[in-house]
Amino acid sequence: MKKIAILGSTGSIGTQTLEIVRENPDLQVVGLAAGGNVELMERQVRAFGPRLVSLESEAACRDLRVRLADMDVRIVPGMEGLLEVAGMEESEILVTAIVGMIGIRPTIEAIKKGKDIALANKETLVTAGHIIMPLAARRGVSILPVDSEHSAIFQAMRGERRACVEKLLITASGGPFRGRTKAELARVQPEDALRHPNWTMGHKITIDSATLVNKGLEVMEARWLFDVDLADIQVVVHPQSIIHSMVAFQDGGIIAQLGMPDMKLPIQYALFYPDRRPMRGKRVDFYELGSITFEKPDMETFTGLKLAMRAAREGGSMPTVFNAANERAVSLFLQKRIRFLEIPEIIERCMEAHGRVDDPDVDAILAAEQETYERISAIYE
């Protein structure tokens, strides 16, 4: 029996992780944490019987305690609860599916307690990769990527020597606005941006896919996960989303991982690594597919990707500012308070105003995040 804990259990990755648990009776959920979806958390606790649960606010926890008065479960609010779930003695692996930099401290706590990490919280490595990866190495902890692109690279590199890798090729669908001009993008609405052609994801990551910011975040994450130079990571637009990413080796060979666009595959791979398990679902039919195509990303129209590459090159606290500005800008766009093209404009203004900090510790990272939020709030709220 493999015991797991999940941060972000009510979100897209969290709920899909629990679907995998249902299909694999040798997985046991011992801890769950989420934001404020009390009703869904109640259903999850009744279905999976974790002994420890956390929600963001004390009010949400009070509500949940009343609902679950007939069950033996501890309910702890806020960061205290996240840290408790992350470091549970009986868990073997922590699924970090929570959104945002709030995932940094719990991830560090889990690593210190010797837990393997099934990593879906990309902000952790984007902003604190220089802290997380060395700590995991010292503690002998595995960081198992859950993003489809990073899982693909992880699978393609299995059994290969890192010294033989020449380049990582990260694929991008291009999102719902691939091929659009800036003039066309000026008119798009949140409901347009949320219509991803291939993937079913949470709202924030779907908007990030539409701006190509998500691909920039993935480049930053890959840099730390696989210990490669930025110059050796290339983004390739692949509209069919069948090739999830590729690794080019020094002899000219390229290994690609293919599959249907289904996040349950990389989640399950991380949970059972190094084993593979049967999984229901549609398979790639090459006769039906017919062809696959590739394009160069348009970084002049989708400037979020260009800004991400700049933030990655500058390093230090700049990726934190990029990430925090994007997070707040996406929220404003979803509320229809800014236009789609204002998202990268806000990111750029925040980056220009920031005084970069070299090698920031966790406190400095969170301070840069707060500084960015305050700068945006001063203008838009």
What ranking of GLU80, GLU123, GLU342, GLU295 emerges when the number of other C-beta atoms within 10 Å of each C-beta is taken as an exposure proxy, fewest first?
-> GLU80, GLU295, GLU342, GLU123
Per DSSP H run of n ≥ 4, the term is -39500 (n - 2.57); total these for the chain, divide by its residue number, and report the mean residue ellipticity at 222 nm rounded to 500 deg cm²/dmol.
-> -14500 deg cm²/dmol
When the chain is treated as a GNM, springs tying every alpha-carbon pair under 10 Å, which of ALA59, ALA152, ALA34 comes out with the largest mean-square fluctuation?
-> ALA59
Residue of LYS282, LYS112, LYS296 that the Gaussian network model of the chain assigns the largest fluctuation, springs spanning Cα pairs under 10 Å = LYS282
Karplus (6.51, -1.76, 1.60) ³J(HN,Hα), θ = phi - 60°, over region 104-116, in Hz, Gly and Pro reported as x | 5, 4, x, 5, 4, 4, 5, 5, 4, 8, x, 8, 5
In the neighborhood of LYS112, defined by Cβ-to-Cβ distances under 14 Å, what is the net charge if each Lys or Arg adds +1 and each Asp or Glu adds -1?
-> +1
Across LYS2/LYS113; LYS264/LYS306; LYS115/LYS306, pairs whose alpha-carbon gap is larger than 24 Å = LYS264/LYS306; LYS115/LYS306
Alpha-carbon centroid distance for the pair region 46-83 / region 308-381, whole angstrom | 32 Å
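Every read-out reported here was derived from the displayed coordinates using simple, explicitly stated rules and does not represent laboratory data. Remember, predicted model here, so these are calculated numbers, not experimental data. Reconstructed Cβ throughout: ideal geometry from the backbone, glycine too, with neighbour counts over all protein chains shown.
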